[in-house]
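Below you'll find the structure, written out as structure tokens, and then a few comments.
Please treat every number below as a calculation from the coordinates, not as lab data. For clarity, every value in this text was computed on a predicted model and none was experimentally measured. FYI the Cβ positions are ideal-geometry reconstructions off the backbone, even for glycines, and counts take in every protein chain you see.
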Amino acid sequence: MPVYITLLNWTEQGIRAYKDSPARAQAFAGALTKAGGSLVDVYWTVGPYDLVCIVEASDDESLVAALLEVGALGNVRSTTMRAFATDDMERIIAKNAG
């Protein structure tokens, strides 16, 4: 299943209700499950991002559906990157071997 790294920042609304952040993370996990994916892990961070999530989803569209559902609540803004494990990269490189 494809893996994604999602970087999240709280909005003004989200930071005002920071105490609800663990429950909101569970709601995100539920949205991912509903879309056929899963929240592998979530970390609250110090630095340019407030949270980092490791996510699995069956495809890009399913992930975007979950991100839209959570984003529409107005508590976070997200930046998401597709991640590739070592075995993924080995297959990708093999396709280019010549």
Estimated FRET transfer efficiency when R0 is 22 angstrom, pair residue 85-residue 43 (beta carbons, to 0.05): 0.75
Helical contribution to [θ] at 222 nm, DSSP H n ≥ 4, -39,500 (n - 2.57), averaged over the chain, rounded to 500: -13000 deg cm²/dmol
Cβ-Cβ FRET estimate between residue 13 and residue 92, R0 fixed at 30 Å, reported to 0.05: 0.15
Globularity ratio of the stretch 42-98, using Cα Rg and 2.2 N^0.38 Å: 1.48
Label-point separation, residue 34 to residue 1 (7 Å along Cα→Cβ), nm: 1.7
Loop-located chymotrypsin sites (Phe, Trp or Tyr not before Pro) in the stretch 1-89, at most 14 other Cβ atoms within 10 Å (DSSP): 84
